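Submitted below is the structure of interest, expressed as structure tokens.
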Amino acid sequence: MREFRRILRRGAFDLAAACWSGPCPVCLSPLPGRALRGICPACWCGLTRAETTDGETPRAAFTYRGGIVKIHRRLKFSAEKYLASPLARRMALVWKASGGFHPDLIVPVPADPLRLSYRRAVPGWLADSLARHLECVAKRNALRKIRPTRTQTKRSARERRTALVGLFRAKPRVVAGKNVLIVDDITTTGATLREAARAVQEAGALHVDTFALAHTPPA
């Protein structure tokens, strides 16, 4: 019953977001249309694109600074799920413009099994929306964490790599022979995405790459 009420609340929120205007989450100005559009045009233009090395596919669509920080916080901490669609649309445009391969599957980095909450749901929301924009399939159950981990925020790059070794398992029956794009919301050192990619590759995927909403710039 509790889960049913939670689903009803989320459904009511999404319906309200689709039908009524709301403020832009970056500048707080009124939106010129339905709240589902997400962010005002001026703030969209002000988001910082992530730098890309020539000849390589991007590891993230944006640099985690300025407006994208505010948008991500609204998505993660206020569960404003409607923002996932416009963000994923931008991710799709960046991915296509870079010449990235067309994925068969989009797989989100899974949540910690002991810390399930809407705050951990953002990669799944982005994956679902990105799959629609890239005209493929999102598979949330293709990858799982096999043990809980502490937050990685204050760990060094070396400590992150050590803590993440062997953390993920992929389902061969889902990913084998497929082109797989693994998606996360924020990446810092890239250790989580690399370990997730290794697990999917070992499960028999044909081609694997990783992509995030935003990359945290060096301190």
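All of the numbers you see were taken from the coordinates with simple rules; none came from a lab. This is a predicted model, so every value here is computed, not measured. Please note: Cβ atoms are built from the backbone with ideal geometry, for glycine as well, and neighbour counts cover all protein chains shown.
Please arrange Tyr64, Tyr82 by how many other C-beta atoms lie within 10 Å of their C-beta, fewest to most.
Details: Tyr64 20, Tyr82 23.
If I rank by nearby Cβ atoms, fewest first, I get Tyr64, Tyr82.
Restricting attention to the alpha-carbon atoms of the stretch 48-215, what are Rg (one decimal) and Dmax (integer), both in Å?
Over the stretch 48-215's Cα set, Rg and Dmax evaluate to 14.8, 41 Å.
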